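One structure is given here, and the rest of the page talks about it.
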Amino acid sequence: MNTTLSDRMSRFLRADVQGMHGYAVQPSAGFVKVDTMENPFRLPEALRKALGERLAEVALNRYPAERGDVLRAELAKHARMPEGCDIMLGNGSDELISLLTLAADVPGNVVMAPLPGFVMYEMSAKLQGLKFVGVPLTPDFELDGPAMLAAVREHRPALLYLAYPNNPTANLWDDDVIDAIIEAAPGLVVIDEAYQPFAARDSLERLRRHEHVLLMRTMSKFGLAGVRIGYLMGRKPLVAEIDEYARQAATIRAERDKLLRELQALPGVKPFPSEANMILARVPDAKRVFEGMRARGVLVKNVSGLHPLLANCLRITIGTPEENPQTLAALYGALHDLEATA
């Protein structure tokens, strides 16, 4: 009997996994790349040279072993990890989210997060066979406190993710609402601070106060996306960033505020407040504006299909001081095309 590959897949592989699609990455050669929230700055020449010399001395033929311990210690020191906590490394935040979900894979457990939010919270839960409950934000992308608290009481989540700032909306939520949710949560609360270098506040104090809070960060948005290092801090029973990058983060924050003011002045564009290295903006027609900007050599992210609240929204990563005027010019041109065909 001849068995086709399709038959084998249908019989032995999960249907929900077969129906999933990989994360789309746009070809970027020749474009101003402001679509994936990367730090737009290259390493300084002196640091590149020093890194090359240091790398040449690393025993790459050996397993990392003690090198991981050194990295954990330096990250913990830099992040000012509280006493009584430990730090865990991951292959970016994605692996940490997967490991948390695996650890919580107990029948009946629920994973919860506000929506729209980072897609990996829901994807990891579903891949592990856990129920995911998404609680919509308000139309202004704030946490809906009453709805969140009601959902926590009803579903008793084992894992509750709160991104601070949030992706893709880029805002910091109300601290009193966050604290009320943490107090009410019966399981673990994971505060995802991937964009912390660009934000006005952090959650270290929450990590000190609450035994059930985990704090997750990454070096990807800070400036080292290529090394794929995420880290998680929490109490030891449950289980850090660098000077040049701090200077770059300050430049990105200043460029973000300047770009935000420019966007606010554009008719038909509604940018939302940002505490990250990106700005979410609603435009008259996200698909046509995205295509118009792409035709002018600028890649942004069209997030309008991710959630109904994101209708006609584009996510614009903050580029270098040289790139941001190009982004604005491309947006202006795309909007002008819309007007011309209206």
> Does Leu51 fit the bill of being open to solvent by less than 40 Å² (accessible area, probe 1.4 Å) and outside any loop (DSSP other than H, G, I, E, B)?
Replying inline: no
> What number of residues within the stretch 282-302 satisfy the criterion of being open to solvent by 10 Å² or more (accessible area, probe 1.4 Å) and not in a helix (DSSP H, G or I)?
Replying inline: 7
>> Within the stretch 64-120, take every residue that is open to solvent by less than 70 Å² (accessible area, probe 1.4 Å) and of a type in the set (S, T, N, Q) and give me the one that is farthest from Leu162 (Cα to Cα).
In response: Asn109
>> Please count how many residues of the stretch 251-310 are closer than 14 Å to Tyr332 by Cβ and among the aromatic types (Phe, Trp, Tyr).
In response: 0
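Any residue that is at negative phi and of a type in the set (Gly, Ala, Ser) - is there at least one of those in the stretch 312-319?
Scanning the stretch 312-319, I find at least one residue that is at negative phi and of a type in the set (Gly, Ala, Ser), so the answer is yes.
The values are calculated or read from the model by the stated rules, or taken from the named source; none is laboratory data. Quick caveat, the model's predicted, so the values are computed rather than measured. Every residue, glycine among them, receives a Cβ derived from its backbone with ideal geometry; neighbour counts consider all protein chains shown. Ligands, DNA and RNA are excluded from the accessible area calculation, which covers all protein heavy atoms including side chains. Shrake-Rupley method; radii C 1.70, N 1.55, O 1.52, S 1.80 Å.
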